[in-house]
């Protein structure tokens, strides 16, 4: 049994590393490439109102845009800027929290093709509420940056084009600058993902999910919704599959289904964060800052979600 557990954990860890490490490495290399080509400010000008209001540096603006493509790559870029002293720790934390909104918005590519066909109006409302929660979280983070970060130089100039270095020199400079932060990230990411894979195969997260699903009685969820919440701990497609016949047959109303899925999202976020997001944050930012970012992000998002849940339960009759 132990042999099978470690074989399964090795296969899971290998898959996770194949998906995450190339993206992180690409983020670090891209950050150094943008700096070497002196085009960071040109890219950052596209989101200048956000970075200026939040008192973030121009490099963080480029990372914010990258988050629309890959949150992991964007955070790896931030980590690279931090390790080279281009941004301070507080700015790193705030910028990484800001990077979560593009990832939420881009989830439409995987969520809507499942929720709309299976859940119709309830699926659309659920996605819109998740997006609105992400927007509120982003606005709060922007105000936090404005309060806790010093005001940068108001003068923003797109730098004049300069002669680019030869390709060989450019590649060498990028690699030399990226090598140290990339080594630091991989040194933490690889063992963290391996440990998490072992814990997943050992059933730790399933036990945690089972214990948390019983907490649903504290929330405004009908009895029929408990199965949906339990399925959300496994996968969003499984939850939609369980909810679809209940919704189509009229057993659950739009209101009850939306509330149930929001509650399930909050409860399952505990295991989801520990299982998937935790290793990414810790691997990219290191144990201390990664844990800090993970806790801030989870607590802020779930706090807003709980307010929305009870507000909907009270006023949506």
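Table for the structure above
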read-out: Any hit, region 123-130, residues being over 13 Å from the mean Cα position of the chain (by Cα), closer than 30 Å to residue 256 by Cβ and at pLDDT below 85; value: no
read-out: Residue check, residue 246 surrounded by 17 or more Cβ atoms within 10 Å (Cβ to Cβ), over 30 Å from residue 92 (Cα atoms) and free of Cβ contacts under 8 Å to residues at least 24 places away in the same chain; value: yes
read-out: Residue match in region 191-211 (condition: loosely packed, with under 15 Cβ neighbours inside 10 Å, modelled with pLDDT of 75 or more and under 23 Å from the mean Cα position of the chain (by Cα)); value: yes
read-out: Residue list for region 279-296, filter: part of a helix (DSSP H, G or I) and surrounded by fewer than 21 Cβ atoms within 10 Å (Cβ to Cβ); value: 287, 288, 289, 291, 292, 294, 295, 296
read-out: Residue in region 66-85 that is surrounded by the most Cβ atoms within 10 Å (Cβ to Cβ), counting only those that are without any contact (Cβ under 8 Å) to a residue 40 or more places away in the chain and either in a loop (DSSP other than H, G, I, E, B) or touching a strand residue (DSSP E or B) at 6+ places or on another chain (Cβ under 7 Å) (or both); value: 67
read-out: Residue 140 part of a helix (DSSP H, G or I), under 22 Å from residue 307 (Cα atoms), without any contact (Cβ under 8 Å) to a residue 60 or more places away in the chain and in contact with a helix residue (DSSP H, G or I) (Cβ under 9 Å, 6 or more places away or on another chain); value: no
read-out: Filter pass, residue 183 being at pLDDT 70 or above, under 20 Å from the mean Cα position of the chain (by Cα) and within 19 Å of residue 281 (Cβ to Cβ); value: no
read-out: Qualifying residue in region 304-315 (condition: more than 20 Å from residue 188 (Cα to Cα), out of contact with any strand residue (DSSP E or B) (no Cβ under 6 Å at 6 or more places or on another chain), part of a loop (DSSP other than H, G, I, E, B) and without any contact (Cβ under 8 Å) to a residue 24 or more places away in the chain); value: no
read-out: Condition check for residue 92: in a helix (DSSP H, G or I) and either buried (at least 22 other Cβ atoms within 10 Å of the Cβ) or modelled with pLDDT of 85 or more (or both); value: yes
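The values are calculated or read from the model by the stated rules, or taken from the named source; none is laboratory data. Small disclaimer: the values here were computed from a predicted structure and weren't measured. So basically every Cβ, Gly included, is an ideal-geometry build from the backbone, and we count neighbours across all protein chains shown.
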